[in-house]
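Right, one structure below, let's go through it.
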Amino acid sequence: MIARTLLLATALITASSAAAVAQTRETFANRNAIAAPVLRANVQVSGDLVRIGDVIDNAGSAGQIAIYRAPDLGTTGSLPVAQVLNTLRAHQVIGVDTRDLKEISVTRLARTLEGKDIELQVARALERRNGLGDAANLSLTFDRDPGDVRLDAGFAGAMQAAIVRYDNRNGRFDVTFEIGSDSGAAAAKLRFTGTAIETVEAAVLARNIERNEVLKSSDVVVERRPKAETGTDAAARDRAVGMQARRQLRAGQAIRTADLAKPDLVQRDQNVTLIYEAPGIYLTMRGKALENGTEGDVVNVMNLQSKRTLSGTVTGRGQVSITPVPPRPPQTSDATSSPGATQPAPVAVATVSSSVAPKAE
């Protein structure tokens, strides 16, 4: 009976031990399966180094070991898997699951600042500084074309103008920006130099214009020109079209207000219509202009019927309005006389001249 009991206990212990061993083996197998390093097909890094933890999953304590230099900012490179495995073995990382990959790609993340955005930021930094106007009216010329600037992806802060210098005597600027980093690293600094000038929209002639010629829509185009070239007298396009040139103008010239005048509605020696208007009277007659005139000008004209020269106001193309001359009031004498009064006779004043005899000696 005792022997039978011992045999049963031994069988139970053996079964329990076998189950425990099997469970332990399964636990280790699961742990090994979870911890097995697995190669990544696509790797992205934000710094200038590629580490083991970037290349494989489950790298453990070896994850921070640097094994390659990263490609240039914003670019992608490739690595043969055989080369990667050799590098990993050198750092005691083995048993890597390659997933039958032949090569892996490594991309270096970057923040790209486009050239047009850099120009806009420089213009905003210079806006209204030392006599300059709005940023939208500034024309910048850089000493070196900034192009597109790439930074590490960690520099995600805004461009802050740290140093801004502008000399309005020669138009030179010197601007330095700082860009903060998410990692707490020192801010990146970007410096740009060049020249800045303020421009304005100006009406520019598309062809040569003769004196007294009226500008047509096709004669005028709009271009941005330096403010110093046009001054404060620049003419707007809509105000230039239909106006008359005071003098000869050349193609490509920015039009000034002083270059223009209202068009002549009456030309010298032109046949015009003379209009005589008074209360209850409206007459028209033929005449000839004796001088040029624009609307509102007073010009001399000849009445072709009476051949008399008159003055009138230009009121339209080929039209001159003659203003009626009010009748003169009757002249009155300063001396007043009553009816029947006798007017004094005129007094004659005689001048007597006598010769003086020479003095006797």
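Full extension of the chain between ASN168 and GLN267 gives 30.8 nm of extra length, using 0.36 nm per residue less the Cα-Cα distance.
Bridging of LYS307 to aspartates and glutamates at a Cα separation below 19 Å is possible for ASP269, GLU291, once same-chain residues fewer than 8 apart are set aside. May I ask you to derive the FRET efficiency for GLU114 and LYS307 from their Cβ-Cβ distance with R0 = 56 Å, giving the value to the nearest 0.05? So the FRET efficiency works out to roughly 0.10.
Relative to the 2.2 N^0.38 Å rule of thumb, the stretch 165-255 has a C-alpha radius of gyration ratio of 1.74. Taking the accessible area of the stretch 102-215, probe 1.4 Å, and keeping the other protein chains in place, the carbon and sulfur fraction comes to 41%. Model label points for GLN160 and SER321, set 7 angstrom from Cα along the Cα-to-Cβ axis, are 6.8 nm apart. Give the lysines whose C-alpha is closer than 26 Å to that of LYS262, dropping any in the same chain fewer than 8 places away, or say none. Cross-link targets: LYS216, LYS227, LYS288. Solvent exposure of the stretch 271-322 amounts to 59 Å² per residue of accessible area, where only protein heavy atoms count and the probe is 1.4 Å. Charging the Cβ of each Asp and Glu at -1 and of each Lys and Arg at +1, and nothing else, the dipole of the stretch 144-283 about its Cα centre rounds to 400 debye. Summary of packing: across the peptides 256-263, 159-166, the per-residue average of other C-beta atoms within 10 Å ranks them, highest first, as 256-263, 159-166. The residues of the stretch 55-95 present an accessible area of 58 Å² per residue when probed at 1.4 Å with all protein chains retained.
Per residue, the accessible area of the stretch 138-267 comes to 56 Å², computed with a 1.4 Å probe over protein heavy atoms only. Using alpha carbon centroids, what distance separates the stretch 167-191 and the stretch 238-309, in Å? After rounding, the separation between the Cα centres reads 61 Å. Spatial offset of the stretch 78-93 relative to the stretch 105-123 amounts to 33 Å, using the alpha carbon center of each. Computing FRET efficiency as 1/(1 + (r/R0)^6) for LEU85 and VAL222, where r is the C-beta to C-beta distance and R0 is 56 Å, gives about 0.25. With a Förster radius of 30 Å applied to the beta-carbon distance between VAL38 and ARG150, the computed FRET efficiency rounds to 0.45.
The values are calculated or read from the model by the stated rules, or taken from the named source; none is laboratory data. All values reported here derive from a predicted model rather than from experimental measurement. All Cβ positions, even for glycine, are placed from backbone atoms using ideal geometry, and neighbour counts span all protein chains on display. The area values use the complete protein model at the heavy-atom level, side chains included, leaving out ligands, DNA and RNA. Shrake-Rupley method; radii C 1.70, N 1.55, O 1.52, S 1.80 Å.
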